[in-house]
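Coordinate-derived values only; no laboratory data. Being a predicted model, the structure only gives us computed values, none of them experimental. For neighbour counting, all protein chains shown are included, and Cβ atoms are generated from backbone atoms with ideal geometry for every residue, glycine included.
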Amino acid sequence: MKVVVVGGVAAGASAAARARRLNESAEIVLLERGRFVSFANCGLPYHIGGEIPERESLLLQTPESLAASLNLDVRTGHEVLSIDTDAKEVEVRDLLADATYRESYDKLVLCPGADPIRPPIPGADLECVDVLRNVPDMDRIIEKIDAGATRALIVGGSAIGLELAEGFRAKDLETIVVEMGDRIMPWLGREMTRILHFHVELHGVDVRLSTSATSIREEDGRIVVDLSDGTSLEVDIVVLAAGVRPNVSLARAAGIEIGPRGGIVVDPQMRTSAPDVLAAGDAVETPHFHTGEPVLSMLAGPANRQGRIVADTIFGRDSAYRGTQGTGIVKIFDMTAGGTGMTETDLIRHGIEFRKVYTHQNGHAEYYPGTAPLTIKALFSPDDGALLGAQVLGWDGVDKRIDVLSVALQAGMTVYDLEHLELGYAPPYGSAKDPVNMIGFQASNLLAGDLDLWYAEDYPTCADSVTILDVRTPVEYDHWHVAEAINIPYTELRARLDEIPKDRPVYTYCRSGFRSYIAYRVLKQSGFDDAASLSGGMITFHGFHRTPLKVGEGGRPVVTYAEDILAQRPGVLEHI
Ligand code: FAD
């Protein structure tokens, strides 16, 4: 058996390595047009910022190490130019020797990844305009910083753009991010991305939303970028981080089926439409775990797992890709954001009914140092409570929660199951009632009818027809309150019910949602049938309507049952 793999990074290297482990006698040729194989592209932004000090740590393997450990025939600087599926051969160019040759295969594996999108604007192809996909791209950017660059523009405000912004700020560069959409990180909910946005600004990044670069040119050794808002910027570095597109030119030219999302079509065994040709990684499209719709994943985890399935299929193992769930996580300065499954926007677009809850606990026990509020948003079915998607934003413990929720989602769990998860707890790591359990408690209360919620996006429309009741302490109320709100602290509510109009709904709120839930329960059991508690309290409210609170700073931990006392401490009212 002769296996030829095109592309030697995540999916390609994974397929080749597994192929060898499954079959010691196969001939395995790995063709990579770049100079490096199996390098850590996810680490590139961190070497630019200096957090990963050694360049060599990104270069996980070399052709020699792969030959020694796995007996792979790795050829870097070898670009596959075309595929002849009838003759079962590929045409290869040896870029160093400037020579072309043909290589036969029994099984061909396409893992050519994706190419950064260069928007169709004048100057996007100039040599001075950078992208960040591989080691030479990174080296070029570092060279410019070392040569004295002081100002950088990043086009695109999603994960790679913002990781890069962090790296540039670490190098003291004035950093501007322009984002065509109306929010950064569009794979998260709007309210989550806004809090993240405030955090990015806090670190000195100039983020300009609904703005795009319209042309780029070189003038007197600097780069001038015209923006859609009519302004121009003079900078030393421009990086296009405006997304990537599956690299399917080889497959398309060979007549292999390309799907509606522009990726190579594969079946669950990662077989393409051509006999004996398989594919994996950023270049393929796969069904979404929940909707079954074809999606592009563009993440390293799916690429590696798909590579493994490719080898299993070639060597007769029963293995199948289960679909793409869209689990992602990103560190942006001091905060971490993660998401899994469907977002609210996805659910609305697909017409899928859902309910949602927000909780704000801490990454770990508040009395153990080093924690801060952790926001979880969970989306679930109103019928059976099945989890549909979740997002987590905070400072510590985000990775753990998103992974637990991701597993729960894949296992088909409901919010009722989340109540019962037995999760590891000691003060430095969590709480006896973990934030994931809390999501389960709150969502179950909602579905059981023990809780009615109102949402920050209902405001200000709701203000004319409801009584908005702020149940925090007067100190908190005086610091800031929803304009139309009246203040009755929840501890005084039972004695002051006659102050609340009975002819309209009562919407309660507090800082995190806990005190307003207690107030809601008092109201419901005191004849106020139409009452609701603000989901996520003021902290979530910030994501929709900015308030004077400092968002995006690691404020004091939340202690929901003691918020009245904590509110008296200096500085607490300043932060979310
Ligand atoms: P690649 O890793 O891109 O490998 C494809 C290879 O194929 C390339 O080396 C290319 O040179 C080669 N090739 C293409 N055409 C040919 C040809 N004709 N002949 C020979 N060789 C060819 N994902 C995450 O999950 N988490 C992260 O934190 C994360 N961070 C990232 C940060 C950066 C800066 C970048 C660029 C990506 C990041 N990703 C992250 C995405 C992740 O790296 C990709 O999803 C993953 O590498 C895809 O693997 P792949 O094998 O499909 O493609």
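Excluding same-chain residues fewer than 8 positions from residue 144, which lysines have a Cα within less than 16 Å of its Cα?
Qualifying lysines at Cα under 16 Å: 171.
Per residue and in Å³, how big is the convex hull formed by the alpha-carbon atoms of the chain?
171
For the stretch 31-103, how big is Rg over Rh, using alpha carbon atoms and the Kirkwood form of Rh?
Using Cα coordinates only, the ratio equals 1.10.
With everything on Cα atoms, drop me the angle between helix 10-22 and the longest principal axis of the chain, reported from 0 to 90° to the nearest 10.
The answer is roughly 70 degrees.
What are the ³J(HN,Hα) couplings of the stretch 363-375, residue after residue, when phi is run through the Karplus curve with 6.51, -1.76, 1.60 and θ = phi - 60°? Round to Hz, x for glycine and proline.
Taking θ as phi minus 60°, the curve returns x, 8, 3, 5, 7, 9, x, x, 10, 7, x, 10, 9 Hz for the stretch 363-375.
Any chance you could give the angle, 0 to 90 degrees and rounded to 10, that helix 514-524 forms with the longest Cα principal axis of the chain?
Helix 514-524 and the main axis of the chain meet at about 50 degrees.
So what's the stretch 165-246 giving for Rg/Rh, alpha carbon basis, Kirkwood Rh from the mean inverse pair distance?
Rg/Rh for the stretch 165-246 comes to 0.98.
At a threshold of 8 angstrom on Cα-Cα distance, excluding pairs fewer than six apart, so keeping six or more, what relative contact order does the stretch 480-576 reach in percent?
Relative contact order of the stretch 480-576: 24 percent.
Given only helices, namely DSSP H runs of n ≥ 4 each adding -39500 (n - 2.57), what is the per-residue ellipticity at 222 nm of the chain, to the nearest 500 deg cm²/dmol?
Helices in the chain give a 222 nm mean residue ellipticity of -7500 deg cm²/dmol.
Above 12 Å lies some portion of the pair distances; for the stretch 5-48, what is it as a whole percent of all C-alpha pairs?
Tail fraction, whole percent: 62.
Less than 17 Å apart at the alpha-carbon level, and either on another chain or at least 8 residues along: which lysines does that give for residue 502?
Filter leaves 524.
5 Å is the cut-off here: which amide hydrogens, built 1.01 Å from N in the peptide plane, fall below it relative to residue 364, excluding neighbours closer than 5 in sequence?
Excluding prolines and chain starts, which carry no amide H, the hits are 372.
What would the Debye formula give as log10 I(q)/I(0) at q = 0.11, 0.16, 0.24 Å⁻¹ for the alpha-carbon point model of the stretch 438-535, no solvent?
The Debye formula, applied to the Cα set alone, gives -0.28, -0.61, -1.38.
State the extension gain, in nm to one decimal, for the chain segment bounded by residue 561 and residue 574, taking 0.36 nm per residue of separation less the distance between their alpha-carbons.
2.8 nm
Would you mind checking the tilt of helix 159-170 against the longest principal axis of the Cα atoms of the chain, expressed as 0 to 90 degrees and rounded to 10?
Its long axis makes an angle of about 80 degrees.
Tell me, in nm to one decimal, what length is gained between residue 87 and residue 293 on full extension, where the rule is 0.36 nm per residue of separation less the Cα-Cα distance?
The span from residue 87 to residue 293 would gain 70.8 nm if fully extended.
Based on the Cβ-Cβ distance from residue 349 to residue 261, what FRET efficiency comes out when R0 is 25 Å, to the nearest 0.05?
FRET efficiency, residue 349 to residue 261: 0.95.
How are the Cα pair distances of the stretch 198-329 distributed, in percent, across 10 Å bins from 0?
11, 30, 21, 20, 15, 3, 0
Subtracting the Cα-Cα distance from 0.36 nm times the residue separation, let me have the gained length for residue 461 to residue 399 in nm, one decimal.
On the way: separation 62, 0.36 × 62 = 22.32 nm, distance 3.58 nm.
Value of the extension gain: 18.7 nm.
Show the residues, 5+ positions off or on another chain, whose built amide H is closer than 5 Å to the amide H of residue 284.
Sorted by chain and number, the residues that satisfy this are 264.
Which aspartates and glutamates, if any, have their Cα less than 14 Å from the Cα of residue 331, not counting same-chain residues under 8 positions apart?
Hits, sequence-local ones excluded: 51, 163, 166, 396, 399.
Go ahead and run the numbers for FRET between residue 101 and residue 146, Cβ-Cβ distance against an R0 of 51 Å, rounding to 0.05.
0.85
Output the antiparallel fraction of DSSP beta bridges having both residues in the chain, as a percent to the nearest 5. Kindly include the intermediate steps, with their values, before the conclusion.
Numbers: 56 of 102 bridges.
So the antiparallel bridges amount to about 55 percent of the total.
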